[in-house]
Amino acid sequence: MSQKPKALVTGGTGALGASVATTLLNAGYEVHVTSRAAVTEGPEGLQVHQADLANEDDVSRLYEEVGSPLAALVATIGGYKGGPLASVTGKAIDELTALNLKPTMLTLGLAYPSLKGNQGGAGVVLVAARGAIMGGPGSAVYAANKAAIVNLALSAAQEWLEDGISVNAILPAAVDTPANRRDMPGADYTRWPSTQEVAEVAAFLVSDKARIVSGAAIPVYGKA
């Protein structure tokens, strides 16, 4: 049985999630990642779990598979879809909530027993976005979801203070990923934070060295 501390990275097969997972793996964690699609073989050293994190039963099963205790949780899962607020539909709201807020809330809430069981405390990072505190034209529903994720981190940090569980949110600007380069071809991506830079911030925040930091919303903008 592995004696390494366990870490779970949701969305750990995506661009940012994969960087976080690899960084934690190199830091000495036993790293578990989630994928909504079936994955027959994950990246070397990572344990991949198929799960729809907007489904409560799937999230419960995930924690049974990962096992306790859990030393670190980084929730990178999310998705973007923009459009004018005046043309927003209930369907669009439901879709973005199912991509962002709901899976993050279920993942965090159901992680509590596993996090509490880790001797010496545990660390959680929820990935929000700069839009959570700045808003932006054409991104009202997305930004509102990310703002809710920030508030979720702040509330959980207070609720779990005596359990030794630190909970923080990070607020990246557009991260330098292939998808973002494709979707924003005119942008100066040299000013964006890299996935590795964001991953290193997340890895520090879930580490023992950062246990004193909790209830923060931390900008990771690069030069954007």
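Would it be correct to say that Y80 is open to solvent by 40 Å² or more (accessible area, probe 1.4 Å) and among the aromatic types (F, W, Y)? When the stated conditions are applied, Y80 passes them. Give the residue that is surrounded by the fewest Cβ atoms within 10 Å (Cβ to Cβ), with candidates limited to residues of the stretch 111-136 that are touching a residue at least 12 places away in the same chain (Cβ under 8 Å) and more than 20 Å from A202 (Cβ to Cβ). Across the stretch 111-136, the extreme among qualifying residues is Q119. A Cβ distance below 8 Å, combined with a sequence gap of six or more or placement on separate chains, defines the contacts here; from the stretch 159-177, residues that are assigned to a helix (DSSP H, G or I) and open to solvent by 20 Å² or more (accessible area, probe 1.4 Å) reach residues that are polar (S, T, N, Q) and at pLDDT 95 or above in the pairs L161/S214.
Give me the helices (runs of 4 or more DSSP H) completely within the stretch 1-117, filtered to those with at least 1 residues that are of a type in the set (F, W, Y), ordered by residue number. In the stretch 1-117, the matching helices (runs of 4 or more DSSP H) lie at 56-66, 101-116. Taking residues in the stretch 195-211 that are within 15 Å of V31 (Cα to Cα) and open to solvent by less than 50 Å² (accessible area, probe 1.4 Å), and partners anywhere that are assigned to a helix (DSSP H, G or I) and modelled with pLDDT of 95 or more, the pairs with Cβ atoms closer than 6 Å and at least 6 places apart or on different chains are A199/S19; A199/V20; A199/T23; A202/V20; A203/T23; A203/L24.
Screening the stretch 15-33 for residues that are in contact with a Ser or Thr (Cβ under 8 Å, 6 or more places away or on another chain), touching a residue at least 60 places away in the same chain (Cβ under 8 Å) and of a type in the set (A, V, I, L, M, F, W, C) and picking the one that is farthest from P178 (Cα to Cα) gives A27.
The values are calculated or read from the model by the stated rules, or taken from the named source; none is laboratory data. Here the structure is a predicted model, which means the values were calculated and not measured. With ideal geometry, Cβ positions are generated from the backbone for all residues, glycine too; neighbour counts draw on all protein chains shown. Surface accessibility is based on the protein's heavy atoms, side chains included, excluding ligands, DNA and RNA. Shrake-Rupley method; radii C 1.70, N 1.55, O 1.52, S 1.80 Å.
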